[in-house]
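The block underneath contains the structure these notes are about, expressed in structure tokens.
The values are calculated or read from the model by the stated rules, or taken from the named source; none is laboratory data. Everything quoted here is computed from the prediction, not taken from an experiment. FYI the Cβ positions are ideal-geometry reconstructions off the backbone, even for glycines, and counts take in every protein chain you see.
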Amino acid sequence: MTEKIRRFLRERQPETPCLVVDLDAVADSYLQLTGLFPEAQVFYAVKANPASEVIQRLNTLGSGFDVASPGEIDLCLGQGASAARMSYGNTIKKERDIAYAYERGVKLYAFDSESELEKIKRAAPGARVFCRVLVDCGGAEWPLSRKFGCSPEMAADLLRRARDYGLDPYGVAFHVGSQQTDLKQWDAAVGLAARVFTVLREANIDLRMVNVGGGFPARYRSEIPTLKRYAGAVTRAMTKHFGNNLPQVVIEPGRSMVGDAGIIQSEVVLISTKDYGEDKRWVYLDVGKFSGLAETMDEAIKYRIRTPHDGGETGPVVIAGPTCDSADILYEKTEYQLPRALKAGDKVEVLSTGAYTSSYSSVGFNGFAPLRTYCI
Ligand SMILES: *Cc1c(COP(=O)(O)O)cnc(C)c1O
């Protein structure tokens with residue numbers, strides 16, 4: 001938690017639950033990333049945190065935007081971002097949404113199937129296109145596998161067809177899975193991309209871009225390599241598979257850009273046990289799966305939690321949200337310990353919650369308001 005966030009919480013005492021995002025920390029992430037990838041083009045994955053202040057700050061710094069819908073396009077345009085610096089990276093688009101993007105000047109489109117390519121041909125004539133290849137996402141704590149991408153053979157075939165359609169076959173994309181902890185994944189994925197380049201060169205098509213996606217981490221409970229080691233892994237993979245004929249590298253960070261810049265403050269609503277004499281307490285917070293902590297699904301993302309009693313004796317807990325749905329349990333199988341002194345009314349902080357929280361919050365399940373974001 002940054003000093004700025006600590007001061008805001010102390011002085012403003014906002015109603016909980018709320019997300020507080022330190023925009024200077026977002027800017028620091030952007031500058032660190034561009035320092036480590038000086039040649040790369042950065043498209044911030046808007047879905048990670050679509051707060052307009054976040055978009056605006058990143059736009060000022062020169063970031064581009066990976067957008068997935070007309071809503072995200074309008075959001076970025078509204079904050080002064082240029083359509084020329086947007087990538088329509090969703091491979092699942094309505095044809096009229098492609099036309100909408102094209103009218104507003106978006107020039108770069110992802111696809112991973114024949115039908116999608118045909119939609120782009122009709123709705124965005126002459127556009128730059130890139131094909132997403134399927135990778136297995138092993139080692140990712142929040143995998144983006146199966147649903148996106150096609151085989152390298154299909155990618156090569158479709159990119160060839162893109163040229164026949166009058167589109168500009170620009171390159172290949174992949175995403176190794178979000179919160180990827182295995183640095184070797186980029187080597188395998190860049191290898192796949194390079195194979196597509198080779199096949200297309202034989203057809204006299206020079207692809208120019210590799211989009212290495214996101215996957216860079218935020219700090220949750222487990223140890224993670226430094227961002228510098230991630231950058232090293234990506235750079236080594238590019239050099240190994242492309243030699244000195246390096247294409248344009250695109251990165252699409254979401255989680256790593258905003259995750260550590262935000263914290264959720266929450267209040268303990270209730271602490272109970274299921275029988276007399278049980279050691280395991282149930283700790284119910286005023287934030288849960290439906291108000292921002294959706295990535296606790298299957299207990300995938302394990303957030304760090306701070307309490308006012310840290311340092312005191314702890315005991316095992318199940319941690320749950322406040323709604324009348326038994327799916328709204330955050331951690332039951334994962335061992336969490338919280339101080340025995342913790343009591344209803346205490347404020348707790350869920351750390352590194354700047355990414356994939358506010359955008360996942362429901363509109364009002366059980367009458368609980370969506371997660372409020374303060375950008376400071
Ligand atoms: C969500 C998404 C990202 C961001 O991934 P992170 O792991 O959060 O960095 C990047 N690219 C695409 C296409 C995405 O859908």
- Message: Considering only segment 282-293, I want to know if a residue exists there that is buried (at least 22 other Cβ atoms within 10 Å of the Cβ), in contact with a Gly (Cβ under 6 Å, 6 or more places away or on another chain) and part of a loop (DSSP other than H, G, I, E, B).
- Response: yes
- Given (1) over 19 Å from the mean Cα position of the chain (by Cα); (2) without any contact (Cβ under 8 Å) to a residue 24 or more places away in the chain, V283 misses just (2)
- Item | Qualifying positions in segment 319-376 - within 16 Å of the ligand (Cβ to nearest atom) and either out of contact with any helix residue (DSSP H, G or I) (no Cβ under 7 Å at 6 or more places or on another chain) or over 25 Å from A45 (Cβ atoms) (or both) | T353, T357, S358
- Regarding Q32, is this residue within 16 Å of the ligand (Cβ to nearest atom), farther than 19 Å from M209 by Cα, assigned to a helix (DSSP H, G or I) and of a type in the set (S, T, N, Q)? yes
- Task: Check segment 117-134 and report whether any residue there is among the acidic types (D, E) and either under 24 Å from P253 (Cβ atoms) or within 12 Å of the ligand (Cβ to nearest atom) (or both).
- Result: no
- Note on the structure: When every residue in segment 144-194 that is of a type in the set (D, E) and more than 26 Å from the chain's Cα centre (by Cα) is compared, the one nearest to the ligand (Cβ to nearest atom) is D168
- Only one of (1) among the acidic types (D, E); (2) modelled with pLDDT of 95 or more; (3) surrounded by fewer than 20 Cβ atoms within 10 Å (Cβ to Cβ) is not met by D136, so which one is it? (2)
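Quick check: is even one residue across segment 195-204 in a loop (DSSP other than H, G, I, E, B), assigned by TED's automatic domain parsing to the domain that holds G243, more than 15 Å from M257 (Cα to Cα) and within 13 Å of the ligand (Cβ to nearest atom)? Reasoning before the result, please.
Residues of segment 195-204 that are in a loop (DSSP other than H, G, I, E, B), as a first pass: 203-204.
Still in the running and assigned by TED's automatic domain parsing to the domain that holds G243: 203-204.
Then drop every residue that is not more than 15 Å from M257 (Cα to Cα), which leaves 203-204.
Among the residues that remain, those that are also within 13 Å of the ligand (Cβ to nearest atom) are: none.
Scanning segment 195-204, I find no residue that is in a loop (DSSP other than H, G, I, E, B), assigned by TED's automatic domain parsing to the domain that holds G243, more than 15 Å from M257 (Cα to Cα) and within 13 Å of the ligand (Cβ to nearest atom), so the answer is no.
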- How many of the residues making up segment 199-234 are buried (at least 19 other Cβ atoms within 10 Å of the Cβ), under 24 Å from G89 (Cα atoms) and not hydrophobic (A, V, I, L, M, F, W, C)? 6
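Among the candidates D298, D260, D275, which residue alone is of a type outside the set (A, V, I, L, M), part of a helix (DSSP H, G or I) and free of Cβ contacts under 8 Å to residues at least 24 places away in the same chain? Break it down into steps so the answer makes sense when it comes.
Values: D260 fails: free of Cβ contacts under 8 Å to residues at least 24 places away in the same chain; D275 fails: part of a helix (DSSP H, G or I).
Just a single option satisfies the conditions, and that option is D298.
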